[in-house]
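Just below is one structure, and these are the notes that go with it.
The values are calculated or read from the model by the stated rules, or taken from the named source; none is laboratory data. Remember, it's a predicted structure, so these values are computed and weren't measured experimentally. Using ideal geometry, Cβ is built from the backbone for each residue, glycine included, and neighbour counts are taken over all protein chains shown. These accessible areas exclude ligands, DNA and RNA; they are computed on the full protein's heavy atoms, side chains included. Shrake-Rupley method; radii C 1.70, N 1.55, O 1.52, S 1.80 Å.
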Amino acid sequence: MHSSELTQELRNLATRNGIVLFGVAPIERFEPMPPYYDRVPKGQDPRDFLPTAKSVISMAVPILNAALDVPARFNEMELEMYPDDTKSEWLEAVYNRICHYNQNDILLSASQFVGQHLLLAGYDSMIFPTESVHIENETERMAKSKFGYLSGPISHRHCATRAGLGEFGYHNIVITPQFGTRQRFSTVVTEAELEPTPLLDKPLCLREKCGLCLKACYKNAIFLRDDERFIDYRTVDKVRNDVIFIDTPSKTSPVRCRDRSNDGEQFIVRGDCLRICPLPKMPKNLSGRLQGIINDWRAGWRIGDERKKRTLPIDSAHE
Ligand code: SF4
């Protein structure tokens, strides 16, 4: 079967099973690419899982706008049915169920269906969990990993940018033209030669004109890769804003992000960095906190000034 015909069959199958975005990267796009020439870590390259791999499929399903925004707004409200000391857990459970687990279920099933279809067509494929994989005693062990946390086996975000679905934003998350930051991804690696999807041809992230995601992070956990206060092997002299971010322009301190509710402050609802992103259009129903940040931005606040004020110990890639 011709590669474009098989690609279309897979796209149709995925779409029938709930997938909304579908793209294909030829395996060559996993060689280091400009501008950062990041190398895929050993054990994360698609060819580590399937040495005969020729294509990588990236698929996405959206998070619904209200589903994402409600936990942050409710965090600021008195909820009559839930006492304050149960509100955090309840909001976290709501968020996980409708912004995480249901997308994961769809993505994993669709990956299996695509893999089965390829198997029947004569091609081996590999599918992946759609989120981090947790193990017993993770907190103790993750400090030993290079990034300070245990990740899933493959970076769905890097596969998505290489499959032409979007680019990284300053917040270290992938942005697509259709849903901005509000979607989740999965990946299928296959030895079938499929028709590639073109890479994005113009940037999406608004970069220095925006920076709202960095401001929205409660914990100042996101740093651009040229920030000299956050040194690790991914540091670069300059974040080039004139190119597509195939690799991430930023780094997230996993400890800061994970500990957002463990330092005695009021419970911090997760995801404000993606909630505030004004792509593909300015969100309508934000919490008072996020709306306040947007109002400051409209009044002239810019991330350049903020970056100078941010503090983080110099040796703190893992803190
Ligand atoms: S909030 Fe602004 S700077 Fe951050 S990812 Fe979105 S567009 Fe880029």
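Which of the chymotrypsin sites (Phe, Trp or Tyr not before Pro) found in region 194-302 are in a DSSP loop and have at most 16 neighbouring Cβ atoms, other than their own, within 10 Å? Before the final figure, lay out the partial values.
On the way: sites: Tyr218, Phe223, Phe230, Tyr233, Phe245, Phe267, Trp297, Trp301; in loops: Tyr218, Phe230, Tyr233, Phe245, Phe267, Trp301.
Here the sparse-neighbourhood loop sites are Tyr233, Phe267, Trp301.
With labels modelled as points extended 7 Å from the Cα through the Cβ direction, what inter-label distance (nm, one decimal) is found for Asn220 paired with Asn96?
It is 3.0 nm.
Between Asn295 and Val20, how many nm apart are label points set 7 Å from Cα along the C-beta direction?
3.0 nm
Taking the chain as a Gaussian network, Cα atoms linked when under 10 Å apart, which of Asn172, Asn96, Asn104 shows the biggest mean-square fluctuation?
Asn96
Quick check: pseudo-label points 7 Å beyond the Cα along Cα→Cβ at Asp259 and Tyr82, how many nm apart are they?
Reported label-point gap for Asp259 and Tyr82 is 2.6 nm.
In whole percent, what relative contact order does the chain give with Cα contacts below 8 Å and a gap of six or more residues? Present the calculation step by step, with values, prior to reporting the outcome.
Details: 549 pairs, mean separation 74.0, N = 319.
In percent, rounded to a whole number, it is 23.
Longer than 20 Å from Cα to Cα, which of Lys202/Lys281; Lys219/Lys284; Lys202/Lys251; Lys42/Lys238 are they? Say none if no pair is.
Numbers: Lys202/Lys281 17 Å; Lys219/Lys284 24 Å; Lys202/Lys251 22 Å; Lys42/Lys238 26 Å.
From the list (Lys202/Lys281; Lys219/Lys284; Lys202/Lys251; Lys42/Lys238), the Cα-Cα distance tops 20 Å for Lys219/Lys284; Lys202/Lys251; Lys42/Lys238.
For a paramagnetic label modelled at 7 Å from the Cα of Asp242 toward its Cβ, which residues of region 203-220 fall within the zone defined by backbone nitrogen distances under 18 Å?
What the label zone holds, given the 18 Å backbone N cut-off, is 203-209.
Provide the three semi-axes, in whole Å and in decreasing order, of the ellipsoid equivalent to the chain as defined by the square roots of 5 times the Cα gyration tensor eigenvalues. Display every interim value, and only then the final one.
On the way: eigenvalues 209, 107, 79 Å².
Equivalent ellipsoid of the chain: 32, 23, 20 Å, largest first.
Summarise the accessible area of the chain (1.4 Å probe, protein heavy atoms) by the percent that is carbon and sulfur. Mind showing how you got there, number by number?
On the way: 8390 of 15620 Å².
Carbon-and-sulfur percentage of accessible area, whole number: 54.
Among Thr15, Thr176, Thr248, which one shows the highest mean-square fluctuation when the chain is modelled as a Gaussian network with alpha-carbon springs under 10 Å?
Thr15
Averaged per residue, what accessible area in Å² does region 3-307 show with a 1.4 Å probe, protein chains only? List each step's numbers first, then the result.
Values: 14460 Å² over 305 residues.
Per residue, region 3-307 has an accessible area of 47 Å².
If the chain between Leu120 and Tyr233 were fully stretched, how many nm would it gain, using 0.36 nm times the residue separation less the Cα-Cα distance? It would help to have the intermediate numbers written out before the result.
Working: separation 113, 0.36 × 113 = 40.68 nm, distance 4.25 nm.
Taking 0.36 nm per residue and subtracting the Cα distance, the gain is 36.4 nm.
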